[in-house]
Amino acid sequence: MASIPVEGPRKALLSVTDKTRLEEVGRALYSHGYQIIASDGTASFLRDRDIPVTGVGELTGYPEIFGGRVKTMHPTVLGGILGPTQESFAETKKLGIEAIDVVVVNLYNFEEAVKREASDAETVESIDIGGPTLLRAAAKNFSRVTVVSDPAYYDEFLEQLAQNDGGTELNFRRKMAALTFRRAEKYNDAIADWLEELTGISSGIALRYGENPHQAAQLVLPSSGDSGNPLAGIGFIQHGGKELSYNNIVDLVAAIKLVGDFQAPCCGILKHTNPCGFGLGAGLVGLERALLCDPVSAFGGVFAFNREIDLATAEPLAKRFLEIIVAPGFSDEALAKLTKKKNVRVLTVDIPVFLSATQGKTRGWGQLLLNQDEDEGFSELEEWKVAAGPEPDAETRTALEMVWKICKHGKSNAIVLGDLHATLGLGFGQMSRVDSTELAVLKAANQNLDLKGCVAGSDGFFPFPDGIEKLAAAGARAIIAPGGSIRDEEVATTAEKLGVTLVLTGRRHFNH
């Protein structure tokens, strides 16, 4: 609960650039018996309001030097903050180092200096050194010390003082420590961004535009050590074509993750991150199979391969309108052929390096970030349960595994129809699973593809039997889904009556 009892007055160090509510904080600390120690500007502010203050120079015996660059970085101050327990100060008291219990510090306004385009010299002087040092020291020692890094936290801090006889609770100190380290991280990032902009070695690449032409966008990359190819850090080499845009990057990530999930040679075609065709097979065979079910949507798409592209594969690609071709390699003849198309982005990718560099998933909206682990592996395919119909033979199992993996890469709700080698119909991103089913069947019909004997994959359970009925009516003989509905038994009974194999995996792969 309250802070540990001490001999003599408790001590609080105050050094703030933003003096919002500083008088209120100073009076509260003084009323609770704290000796207030403050840097020159903060001390003058409090003295003008008749709040007793000890200057940092009075405590350390040293005045501020170098125009204020050095004032609080002294063993008397830092030792007072970092001493782990009250008892530990017994050995330092003879050195004049006594416990400091509260640190209220906010930083020089560096971000504001950059925003108003201050001179380089003024911006450098806005880089706080002592402030972050004090904050990090206090945050590290949260078991004893209370740190407050922003006036936004004053209300809670003052409430803690009032409720705990001038002390604070451990959970509050932990919370303030976490917020302090986040503030220091953001501050350091701002300084690094400014310096990188000055030197032209930014960790980000300006993209042609964002999701729309009126939006600016940047690609932030790990350091590759290759100034000639900053994409090397994520396993890319761009051989030709226009600069990459935001949407290109998003589509590239989706495309490579799709083909990276297959050990067998394959080709995946994507449009707006959704697969619009997929085919097993090397080179031209995989390409032709991928174009079967939706060649219209492939117009302007991303063509991804997990094997080297030869000239025979490059020739039909060179005749198509597309945005990106990406593969682990190209024969010399294929590369020469494809790079003649000045607008087509031709990229080599080291798939293992890329998958390692893009592990996990992060989405951001300003300062709000969502992070999650990578959805990797298909262990459920070794443990699936046949809930209805005949046991799938080896070919059916292979086809079911293929459509199941492709489901993972389309937006939910996802339905994939396929045979042993390729997709036949695809339905993604609809508001209901029945809508996705109807779309997948329609895509196949548009290409006059025969669905009799096909297999189907669903990224989520079937909430009602109607989806099973529609797939069976279209010709599906086997369906794979995660299961998990309260109507699984009813759905399985329907599949059994229709003579359809229903495999339930017990694990889903939603892609929102």
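The values are calculated or read from the model by the stated rules, or taken from the named source; none is laboratory data. Keep in mind it's a predicted model, so treat the numbers as computed, not measured. Glycine gets a Cβ as well: all are built from the backbone with ideal geometry, and neighbour counts include every protein chain shown.
A few comments on the model shown:
- Taking region 317-339 as the range and being within 19 Å of Lys271 (Cβ to Cβ), touching a residue at least 60 places away in the same chain (Cβ under 8 Å) and not in a loop (DSSP other than H, G, I, E, B) as the test, the residues that pass are Ile324, Val326.
- Reported count of residues in region 370-395, each being farther than 25 Å from Glu489 by Cβ, in contact (Cβ under 8 Å) with a residue 12 or more places away in the chain and in a strand (DSSP E or B), is 1.
- Considering region 82-97, and only residues there that are touching a residue at least 40 places away in the same chain (Cβ under 8 Å) and crowded, with 16+ Cβ neighbours inside 10 Å, the residue that is nearest to the chain's Cα centre (by Cα) turns out to be Leu82.
- Considered as a group, the residues in region 489-503 that are of a type outside the set (Ser, Thr, Tyr) and under 16 Å from Phe461 (Cβ atoms) include one that is nearest to the chain's Cα centre (by Cα), and that residue is Val503.
- Exactly one residue out of Ala137, Ala177 is touching a residue at least 24 places away in the same chain (Cβ under 8 Å) and either closer than 13 Å to Asp101 by Cα or among the aromatic types (Phe, Trp, Tyr) (or both), and it is Ala137.
- Restricting attention to region 262-279, the residues being surrounded by fewer than 23 Cβ atoms within 10 Å (Cβ to Cβ) and either touching a Phe, Trp or Tyr at 6+ places or on another chain (Cβ under 6 Å) or among the basic types (Lys, Arg) (or both) number 2.
- Test for Thr133: is it within 19 Å of Gln35 (Cα to Cα) and within 37 Å of the chain's Cα centre (by Cα): no
- Within region 176-186, being surrounded by 18 or more Cβ atoms within 10 Å (Cβ to Cβ) and either of a type in the set (Val, Ile, Thr) or modelled with pLDDT under 90 (or both) holds for one residue alone: Thr180.
- Options Ile36, Ile65; residue that is among the aliphatic types (A, V, I, L, M) and surrounded by fewer than 18 Cβ atoms within 10 Å (Cβ to Cβ): Ile65
- Taking the listed residues Asp165, Asp189, Asp193, the one that is on the phi > 0 side of the Ramachandran plot, of a type outside the set (A, V, I, L, M) and assigned by TED's automatic domain parsing to the domain that holds Tyr34 is Asp165, with no other qualifying.
- Across region 290-309, the qualifying residues are those that are in contact with a Phe, Trp or Tyr (Cβ under 8 Å, 6 or more places away or on another chain) and crowded, with 16+ Cβ neighbours inside 10 Å, and the one among them that is nearest to Leu258 (Cα to Cα) is Asn306.
- Beta carbons closer than 6 Å, at least 6 apart along the sequence or on distinct chains, never pair a first residue in region 348-369 that is on the phi > 0 side of the Ramachandran plot with a second that is assigned to a strand (DSSP E or B) and surrounded by 10 or more Cβ atoms within 10 Å (Cβ to Cβ).
- Which listed residue, of Ser126, Ser143, Ser119, is polar (S, T, N, Q), loosely packed, with under 12 Cβ neighbours inside 10 Å and in the same structural domain as Asp40 (by TED's automatic domain parsing): Ser119
- Qualifying residue in region 258-272 (condition: more than 24 Å from Lys337 (Cβ to Cβ), touching a strand residue (DSSP E or B) at 6+ places or on another chain (Cβ under 8 Å), in contact (Cβ under 8 Å) with a residue 24 or more places away in the chain and of a type in the set (Gly, Ala, Ser)): no
- Test result for Leu347, in a helix (DSSP H, G or I), in the same structural domain as Ala318 (by TED's automatic domain parsing) and not basic (Lys, Arg): no
- Wholly enclosed helices (runs of 4 or more DSSP H) of region 1-100 bearing at least 2 residues at pLDDT below 95 and in the same structural domain as Ala139 (by TED's automatic domain parsing): 40-47, 56-60, 75-82
- Taken as a whole, the condition of being within 20 Å of Phe157 (Cα to Cα) and among the acidic types (Asp, Glu) does not apply to Glu58.
- Residue check, Glu323 among the charged types (D, E, K, R) and within 30 Å of the chain's Cα centre (by Cα): yes
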